[in-house]
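Engineer: Quick one: this structure, given as structure tokens, is what I'll be asking you about.
What follows is calculated from the coordinates using simple rules that are stated; it is not laboratory data. If you're wondering where the values come from, they're calculated on a predicted model, not measured in any experiment. Note that each Cβ is placed from the backbone with ideal geometry, even for glycine, and that neighbours are counted across all protein chains shown.
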Amino acid sequence: MKFSKLLLTVILFLITLITLKKNSDLRNKFYDEVYNSSFNFAYVNSLYTKFLGEPMPFLNETTNMVFNEKLVYDNIDDYMDGAVLTVGSNYLVPVLDEGIVIFVGEKENYGKCVIIENSLGVDILYGNLSNINVSMYDYVKEGSLVGEVNNKLYMTFTKDGESISYDTYLK
Amino acid sequence: MIHILNKISFHPLFYLITIVMLITGLFKHFILFLFIIITHELGHLLAILIFKWHIKEIVFLPFGGLILIEDDINKPLIEEFIITLMGPLFQLIILYLFPRLSYISIPLLLFNLIPLYPLDGFKLINIFFNKIIPFKYSYLLSLIISFILTFILLFYFHNFLVILSLILILFKTYEAYKIRKHYFNRFLLERYLKRLKFRKKKVINGLCLDRMYRDYKHDFFFKNKYYDEKEILNNLFDFKGKVC
């Protein structure tokens with residue numbers, strides 16, 4: 001029984017590989033789907049929480065670095081595809097909108113940055129961080145700590161690969 | 001080792017919570033949850049291997065793991081107590097080694113210690129009742145406590161997964177309640193068929209088998225005469241070729 005299951009898995013895997021090799025149209029579509037689109041976990045999570053309650057009950061949230069602050073800044077300007085916010089030195093950046101962390105690392109022009117995908121499928125980038133307090137695939141609530149930033153915080157808002165104006169999130 | 005791995009099975013509801021965790025993006029929480037419950041079960045497993053008990057099945061339920069034991073009911077209470085305690089103990093070690101995981105390991109630990117039927121809390125209160133009241137009533141009392149508590153919790157929580165788990169617990173409790181008479185019969189039959197050695201002895205007035213304790217050898221005092229436990233059980237089980 002176990003052996004036949006294994007065999008079936010191997011056969012299915014090989015069939016997929018062979019069809020992808022033979023059919024270039026399908027291959028392009030497949031790669032496009034796999035590499036460019038992402039499943040919107042945050043949307044499913046918010047929907048699930050709304051109707052069925054927390055997906056992981058009994059979690060002790062108080063230890064989860066929630067400091068419930070709003071994002072405050074002195075000035076806002078355009079920068080690259082998004083905005084640059086002028087904040088104080090060693091400013092602690094809170095999460096603007098809850099979602100799942102889909103990127104942590106360095107990016108050109110943005111320095112150390114974190115990307116959080118929210119429930120509407122908008123990727124919000126927090127750039128120029130000096131300290132990062134979240135890690136990949138963390139599910140972060142609104143107001144929890146992203147990291148620390150010195151004077152300048154870069155933010156971009158992208159949906160389906162196209163950048164959108166920051167007016168809807170920052171006023 | 002291989003024969004233990006072959007005994008692992010997954011409850012359908014476990015697959016359900018796996019899917020829920022994956023589509024809501026809680027991969028990390030799910031992996032931590034798995035890590036904690038596996039360590040918990042390893043604690044039980046270690047004690048089981050030391051005492052050489054027999055494992056029937058290891059099931060993964062939506063709220064943790066469960067090791068089903070296929071062994072005598074009359075095994076020493078202290079062994080069962082240590083086996084039960086090893087799980088939470090291993091979880092405490094995790095709590096000590098990884099204090100950052102406390103937000104997930106403390107709730108799991110506390111949930112496990114609630115006296116609901118297949119959880120460790122139930123086993124602990126059952127062992128405690130076994131110590132102070134006769135076997136038959138202790139099992140019944142623990143099951144009733146589990147039943148009532150499940151009902152109370154069912155009204156207290158408004159969460160899909162919690163309610164699903166509690167309904168599962170309710171069914172399991174009911175199943176155990178249904179077979180309680182067979183369970184008690186097995187308890188007597190084991191004492192009849194096997195040469196069990198108990199260190200302590202108890203005298204019971206009358207011939208009531210319901211008043212037998214676990215971990216004790218019994219003498220029955222009836223009409224100014226002492227009867228050995230074996231004689232009474234002989235009367236009960238030995239049909240001497242008679243067919244009723």
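Engineer: Cα centroid distance between the stretch A:74-127 and the stretch B:111-157, in Å?
Structural biologist: For the stretch A:74-127 versus the stretch B:111-157, the Cα centre distance is 51 Å.
Engineer: Quick one: what does P(r) look like for chain A with 10 Å bins over all Cα pairs, in whole %?
Structural biologist: In whole percents, the pair-distance histogram is 9, 30, 26, 19, 11, 4, 0.
Engineer: In debye, nearest 20: dipole of the protein assembly as shown around its Cα centre with unit charges on the Cβ of K, R (+) and D, E (-)?
Structural biologist: Here the protein assembly as shown has a charge dipole of around 3620 debye.
Engineer: How would A:T86, A:T9, B:T84 line up from fewest to most surrounding beta-carbon atoms within 10 angstrom?
Structural biologist: The order, fewest Cβ neighbours first, is A:T9, A:T86, B:T84.
Engineer: Relative to the longest principal axis of the C-alpha atoms of chain B, give the angle of the C-alpha long axis of helix B:77-97, reported between 0 and 90° and rounded to the nearest 10°.
Structural biologist: For helix B:77-97, the angle is close to 10 degrees.
Engineer: Modelled label-to-label distance, A:F3 and A:E148, 7 Å Cα→beta-carbon offset: nm?
Structural biologist: That separation, rounded to one decimal, is 6.0 nm.
Engineer: Once every Cα of chain B carries one equal point scatterer and solvent is ignored, give the base-10 log of I(q)/I(0) from the Debye formula at q = 0.14 Å⁻¹, two decimals.
Structural biologist: Treating every Cα as an identical point scatterer, log10 I(q)/I(0) equals -1.00.
Engineer: Further, regarding this structure: Can you tell me which of B:R191, B:R199, B:R180 moves the most in a GNM of chain B? Springs connect C-alpha atoms under 10 Å apart.
Structural biologist: Maximum among the listed residues: B:R199.
Engineer: Report, in deg cm²/dmol and to the nearest 500, the calculated mean residue ellipticity at 222 nm for chain B, where each DSSP H run with n ≥ 4 adds -39500 (n - 2.57) and the sum is divided by the residue count.
Structural biologist: Taking each H run of at least 4 residues, the total per residue is -20000 deg cm²/dmol.
Engineer: For A:L17 and A:L52, what does the FRET efficiency come to when R0 = 35 Å and r is the distance between their Cβ atoms, rounded to the nearest 0.05?
Structural biologist: Computed FRET efficiency for A:L17 and A:L52 comes out at 0.40.
Engineer: Which one, A:T16, A:L26, A:V87, is farthest towards the positive end of the dipole of the stretch A:1-110 when Lys and Arg carry +1 and Asp and Glu -1 on their Cβ?
Structural biologist: Sorting the options by dipole projection puts first A:T16.
Engineer: Choose one of B:P76, B:Y174, B:I38: the residue whose Cα lies farthest towards the positive end of the charge dipole of the stretch B:2-188 (beta-carbon charges +1 Lys, Arg; -1 Asp, Glu; about the Cα centre).
Structural biologist: Going by the charge dipole, the pick is B:Y174.
Engineer: Restricting attention to the alpha-carbon atoms of the stretch B:198-237, what are Rg (one decimal) and Dmax (integer), both in Å?
Structural biologist: Cα radius of gyration and Dmax of the stretch B:198-237 are 9.5, 26 Å respectively.
Engineer: Counting partner chain Cβ atoms within 10 Å of every residue's Cβ in A:33-46, what's the average?
Structural biologist: Per-residue shielding by partner chains comes out at 2.
Engineer: B:E79 versus B:L34, label points 7 Å from Cα toward the beta carbon: distance in nm?
Structural biologist: 3.3
Engineer: If you take the charge dipole of the stretch B:198-237 about its Cα centre, with +1 on Lys and Arg Cβ and -1 on Asp and Glu Cβ, which of B:N234, B:L207, B:H218 is farthest toward its positive end?
Structural biologist: B:H218
Engineer: Further question: Size of the dipole of the stretch B:32-137 about the Cα centre, Lys and Arg at +1 and Asp and Glu at -1 on the beta carbon, nothing else charged, in debye to 20?
Structural biologist: 200
Engineer: How would you rank B:S146, A:S130, going from fewest to most other Cβ atoms within 10 Å of each one's own Cβ?
Structural biologist: A:S130, B:S146
Engineer: Spin-label point model (7 Å from Cα, Cβ direction): what's the B:K223 to B:L140 distance in nm?
Structural biologist: 2.7
Engineer: Using only the Cα atoms of the protein assembly as shown, what do you get for the radius of gyration and for Dmax, in Å?
Structural biologist: 29.6, 101
Engineer: Also: Running a GNM on chain B with Cα contacts under 10 Å, which residue among B:E57, B:E70, B:E79 ends up with the highest mean-square fluctuation?
Structural biologist: Greatest mean-square fluctuation among the candidates belongs to B:E70.
Engineer: Under 10 Å, Cα contacts only: if you run a Gaussian network model on chain B, which one of B:F222, B:F122, B:F171 comes out with the highest mean-square fluctuation?
Structural biologist: In this elastic network of chain B, the residue with the biggest mean-square fluctuation among B:F222, B:F122, B:F171 is B:F222.
Engineer: Additional query: Just add up the charged neighbours of A:I15: K/R +1, D/E -1, any other residue whose Cβ is under 13 Å from the Cβ of A:I15.
Structural biologist: +2
Engineer: Angle, helix B:180-193 long axis vs. longest principal axis of chain B, Cα atoms, 0 to 90°, nearest 10?
Structural biologist: It is inclined by approximately 50 degrees.
Engineer: What's the angle, to the nearest 10 degrees (0 to 90), between helix B:120-132's Cα axis and the longest principal axis of chain B?
Structural biologist: 20
Engineer: Measure out, as a whole number of angstrom, how far apart the alpha-carbon centroids of the stretch A:1-56 and the stretch B:58-98 sit.
Structural biologist: For the stretch A:1-56 versus the stretch B:58-98, the Cα centre distance is 37 Å.
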